[in-house]
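These notes are about the structure you will find just below.
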Amino acid sequence: MTFRFLTFAGAQLLAVLAGWSLGDALGALVALLLGTWLWFLLDLWRGLRVRRWLRKGQLADAPAMGGLWGEVADRARRMLRQLVKKAEDSEARLQEFLLAIQASPNGVVLLDPEGHIEWCNQTAAQHFGFDPDRDLMQSIGNLLREPVFAAYYASRDYSHDIVMNGRGSTLSRPVRLSVHLHGYGEGRRLLLSRDITALDQADAMRRDFVANVSHEIRTPLTVLSGFIETLQTLNLEDHERQHYLNLMSQQASRMQTVVSDLLTLSRLEGSPAPGLTEWVGVQGLLMHCEQESQALSGVIGSHNGRRHQIHFDIEAARGVDLAGSHNELQSALSNLVSNAVRYTPGGGSIQVSWHTLPDGRAEFDVRDSGPGIAPEHIPRLTERFYRVDRSRSRETGGTGLGLAIVKHVVQRHGAQLNIESTLGVGSRFSIVFPASRLRQAAPSLMGPAPSAGAQRAKEAA
Ligand code: ADP
């Protein structure tokens, strides 16, 4: 300020001196006036430059000048720079905040006091079918017309959430959303949505499961208590009593099988997958399957007089070890073979084979000439208690849990279950084991190969 005053006073003094030296006192006065005007115009021009720059607000175009206006411009530039920095920081923080909400697995919609959409994340857009750009500032009431939401929105009681259908929900593929509104700020609302389809399905599955288990246990229990009542109230001959006791024993063992299969399933679900430390001889597993299938076919054949033609081609399993749990693997392989025997009428053929695939994996394959399975049932066969032919399953002692157990065992061993079937022709169930779980035992550990004579005798037989 002092500098400004001094320059102004200096400029006037110079003008007076110049005017005096050129003329008299009048000349000095005229020069003083002219000097003052010149100074004023120069000052005005500098001030206007600063104002023009401030109006545009472009930091880079700040005028370079000294004096008071230079200082004003400099301070304004510094303040502007600070403001720009602050605005950039806030913008960056806002973007990070929005990115975090975008990454949320839940839908988030910000509503203004009139219920217009101010912002929504991609998840909410997917849940409700919004277009995050086009639907901005649209009224939520116009976009979400589900009656359950409309009633909730209008009630203004947001102490609880509601469950409604999501975008693209159909009867066969339902999409269920939990939607909750929260008030904030001055009349604003936050709408949160969560996809609970899987939870809903798990809940429905749990209910079905409990209903199925109760049904499976109740049926033999009802039969058992009926027989007990008969034995208690009727005076029966010995052979009749024996007949009822046999039937009761059948029902009791049926219940036992269901309970034991359920326990197996829960063990499979609740324990860690078998590692690569325990090795099981595949040949032993397959020979056990062969014995079981012959015995089972004998039992079925004793009823209808016709046994199955069962053929095991398991030479390739000689010396092959499989990493996993012996009990689990035996139960999975036996289940597939026993299903083939149980569902194929007497006289039908069953082919079981083990072979190595070119990529090092190995396949256990069971083919039967049974009734076959219609395509619509195939994807559901591994569901618990799912049966195509309920009465045949029960007749042959099935629980409807066999293939569910197989699926779990297969998954736990990193293997793959394949099912192919043609109605009226037969079925093929196969398990493909990964190469990482297979090894060929050293020749010294393998049992002796059948001698040529023994082989010929076998072929002749
Ligand atoms: P179940 O104890 O009833 O045999 P599973 O889970 O083992 O239960 O099999 C489920 C259903 O799949 C069976 O009820 C049967 O209808 C069908 N199924 C399984 N294996 C065969 C097969 N080899 N041939 C025809 N149907 C089969």
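The values are calculated or read from the model by the stated rules, or taken from the named source; none is laboratory data. Bear in mind that the values here come from a model prediction, so they are computed numbers and not experimental data. When we count neighbours, we look across all protein chains shown, and the Cβ atoms used for this are built from the backbone with ideal geometry, even at glycine. The accessibility values were calculated without ligands, DNA or RNA, using every heavy atom of the protein model including side chains. Shrake-Rupley method; radii C 1.70, N 1.55, O 1.52, S 1.80 Å.
Brief remarks follow.
- Condition met for L276 (open to solvent by 40 Å² or more (accessible area, probe 1.4 Å), free of Cβ contacts under 8 Å to residues at least 24 places away in the same chain and not aromatic (F, W, Y)): no
- The one condition in (1) exposed (fewer than 11 other Cβ atoms within 10 Å of the Cβ); (2) farther than 30 Å from R318 by Cβ that S271 fails to fulfil: (1)
- Scan of segment 334-359 for residues that are under 30 Å from R206 (Cβ atoms), within 7 Å of the ligand (Cβ to nearest atom) and either outside any helix (DSSP H, G or I) or of a type outside the set (S, T, Y) (or both), ordered by number: N335, N339, R342
- Pairs where the first residue, in segment 312-336, is under 11 Å from V409 (Cα atoms) and modelled with pLDDT of 95 or more and the second is charged (D, E, K, R) and assigned to a helix (DSSP H, G or I), C-beta under 8 Å, 6+ apart: G324/R412; G324/R437; S325/R412; E328/R412
- First in segment 249-262 and in contact (Cβ under 8 Å) with a residue 24 or more places away in the chain, second anywhere and of a type outside the set (V, I, T) and surrounded by 19 or more Cβ atoms within 10 Å (Cβ to Cβ), Cβ under 6 Å, 6 or more apart: Q251/P220; R254/P220; M255/P220; V258/E216; D261/L401
- Residue list for segment 424-442, filter: surrounded by fewer than 14 Cβ atoms within 10 Å (Cβ to Cβ), modelled with pLDDT under 95 and of a type outside the set (S, T, N, Q): G424, A442
- Of all residues in segment 360-405 being farther than 17 Å from S331 by Cβ, within 6 Å of the ligand (Cβ to nearest atom) and aliphatic (A, V, I, L, M), the one that is surrounded by the most Cβ atoms within 10 Å (Cβ to Cβ): I373
- Residue check for R93: closer than 30 Å to T123 by Cβ and outside the structural domain of L143 (by TED's automatic domain parsing): yes
- Some residue of segment 297-312 being within 24 Å of Q440 (Cβ to Cβ), open to solvent by 20 Å² or more (accessible area, probe 1.4 Å) and among the charged types (D, E, K, R): no
- I378 over 38 Å from the mean Cα position of the chain (by Cα), closer than 20 Å to L417 by Cβ, modelled with pLDDT of 95 or more and outside any loop (DSSP other than H, G, I, E, B): no
- So G168, is it open to solvent by 40 Å² or more (accessible area, probe 1.4 Å), assigned to a strand (DSSP E or B) and of a type outside the set (F, W, Y): no
- Residue satisfying all of: in segment 8-50; within 30 Å of Q82 (Cβ to Cβ), surrounded by 12 or more Cβ atoms within 10 Å (Cβ to Cβ) and not aliphatic (A, V, I, L, M); farthest from the chain's Cα centre (by Cα) among these: D43
- Test: residue in segment 413-420 that is near the ligand (Cβ under 7 Å from one of its atoms), in contact (Cβ under 8 Å) with a residue 24 or more places away in the chain and more than 17 Å from Q330 (Cβ to Cβ): no
- The residues of segment 224-250 that are open to solvent by 100 Å² or more (accessible area, probe 1.4 Å) and within 50 Å of the chain's Cα centre (by Cα) amount to a single one, Q250.
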